[in-house]
1. Of everything in segment 228-250, what is under 18 Å from Ser183 (Cβ atoms) and surrounded by fewer than 19 Cβ atoms within 10 Å (Cβ to Cβ)? Give them in sequence order.
2. Does segment 251-269 hold any residues that are among the charged types (D, E, K, R) and buried (at least 21 other Cβ atoms within 10 Å of the Cβ), and which are they?
3. Scan segment 196-218 for residues that are surrounded by 12 or more Cβ atoms within 10 Å (Cβ to Cβ), free of Cβ contacts under 8 Å to residues at least 12 places away in the same chain and assigned to a helix (DSSP H, G or I) and jot them down.
4. Look through Met182, Met214, Met175 and report the one residue that is within 11 Å of the chain's Cα centre (by Cα), of a type in the set (A, V, I, L, M, F, W, C) and over 26 Å from Ile136 (Cα atoms).
5. So which residues in segment 224-241 are of a type in the set (A, V, I, L, M) and at pLDDT 90 or above?
6. Do you know which residues across segment 144-169 are without any contact (Cβ under 8 Å) to a residue 24 or more places away in the chain and surrounded by fewer than 18 Cβ atoms within 10 Å (Cβ to Cβ)?
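The values are calculated or read from the model by the stated rules, or taken from the named source; none is laboratory data. Since the structure is predicted, the reported quantities are computational estimates derived from the model, not experimental observations. Cβ: placed from backbone, ideal geometry, glycine included. Neighbour counts: every protein chain shown.
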Amino acid sequence: MLNQTHDTKEVVWKYGFETHITKEASEKFAPLVQDLSILTCEYDRCVLNDSIKYYIDGKEAGSESIYAIDKGKNMTMMFIGSEAKTQPDALHSLYMLQSVLQGRTDAKITSVETAAPLLGDNAVKIFLVAIAAIVILNALLSFIIFRDIKTSAVALLLAVSEIIILIGILAGLKMTITVLTMSALVMISAITLVYQNYSVFWIKKAGMILRKTMELNSKLNKIFWVAVCVLALFTMFKPDFAAPLLLYFLLTVVVTKGLFFNTVKAKAA
């Protein structure tokens with residue numbers, strides 16, 4: 001079998017079995033398939049944003065992709081299989097999969113969990129446009145309030161760098177970018193807009209007094225640390241939403257907020 005993308009071609013060995021399940025069992029899949037949305041279309045087949053995966057000893061042994069034509073159907077026939085880069089690997093996996101299906105190994109379901117929905121291209125574009133719009137609006141408001149292009153430029157660069165650094169950290173942690181994760185990144189941009197422009201407005205109203213600037217910085221520090229503590233607990237329930245916010249508040253209180261306030265203090269001096 002030849003796997004081909006826009007950049008690469010790779011020969012792989014595809015293995016698997018066709019299995020049949022009862023109509024009663026297949027009906028359990030129908031609501032799941034009905035709720036899925038189309039993710040990508042390639043070679044005249046549109047894949048939905050989920051698949052049924054089978055694991056042996058923690059290693060994926062096979063999967064069943066769900067296509068657009070299957071949406072809402074009772075799926076009585078499944079293909080359990082996968083791909084391997086070499087023929088020996090494919091034969092070994094095929095033998096292990098056959099053993100499980102025929103009951104020759106001690107296999108059981110230890111846990112069942114719902115995979116987070118993946119993002120389609122359109123959803124990613126919408127989220128990125130929303131983030132960009134908030135970041136640009138943030139810089140414009142800072143300039144309108146403060147009338148200082150340097151402060152506005154620093155606000156813009158910090159807002160962009162926060163997003164880039166956070167995405168890098170999430171990638172390093174191998175966190176899946178889900179709808180909730182992207183929603184958190186949009187919220188991060190909104191929080192940055194609020195705190196930076198509130199700071200600029202408050203400092204300008206206080207007459208550019210350094211002592212007042214320090215008082216505001218101290219006040220925001222306390223608020224941000226409280227947010228860190230709350231989100232640290234919330235990560236146990238919704239990690240793909242809370243983790244980006246938690247990282248953001250830590251990054252902000254330790255690094256970027258200090259850089260922003262230093263710029264404001266330089267203007268005040």
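1. Pass one, segment 228-250, residues under 18 Å from Ser183 (Cβ atoms): 230-231, 234-235, 237-249.
Within segment 228-250, Val230, Phe234, Thr235, Phe237, Lys238, Pro239 qualify.
2. Narrowing segment 251-269 to residues among the charged types (D, E, K, R): 257, 265, 267.
Matches in segment 251-269: Lys257 only.
3. At the first step, the residues of segment 196-218 found to be surrounded by 12 or more Cβ atoms within 10 Å (Cβ to Cβ) are 196-204, 206, 208, 210, 212-217.
Restricting the remaining residues to those that are free of Cβ contacts under 8 Å to residues at least 12 places away in the same chain gives 198, 206, 212, 214-215.
Residues satisfying the conditions are Tyr198, Lys212, Met214, Glu215.
4. Numbers: Met182 fails: over 26 Å from Ile136 (Cα atoms); Met214 fails: within 11 Å of the chain's Cα centre (by Cα).
After ruling out the rest, the residue left standing is Met175.
5. To start, the set of residues in segment 224-241 that are of a type in the set (A, V, I, L, M) comprises 226-228, 230-233, 236.
Those that are of a type in the set (A, V, I, L, M) and at pLDDT 90 or above: Val226, Ala227, Val228, Val230, Leu231, Ala232, Leu233.
6. Once the filter is applied, which keeps residues that are without any contact (Cβ under 8 Å) to a residue 24 or more places away in the chain and surrounded by fewer than 18 Cβ atoms within 10 Å (Cβ to Cβ), segment 144-169 yields Ile144, Arg147, Ile149, Ala153, Leu157, Ile164, Ile167, Gly168.
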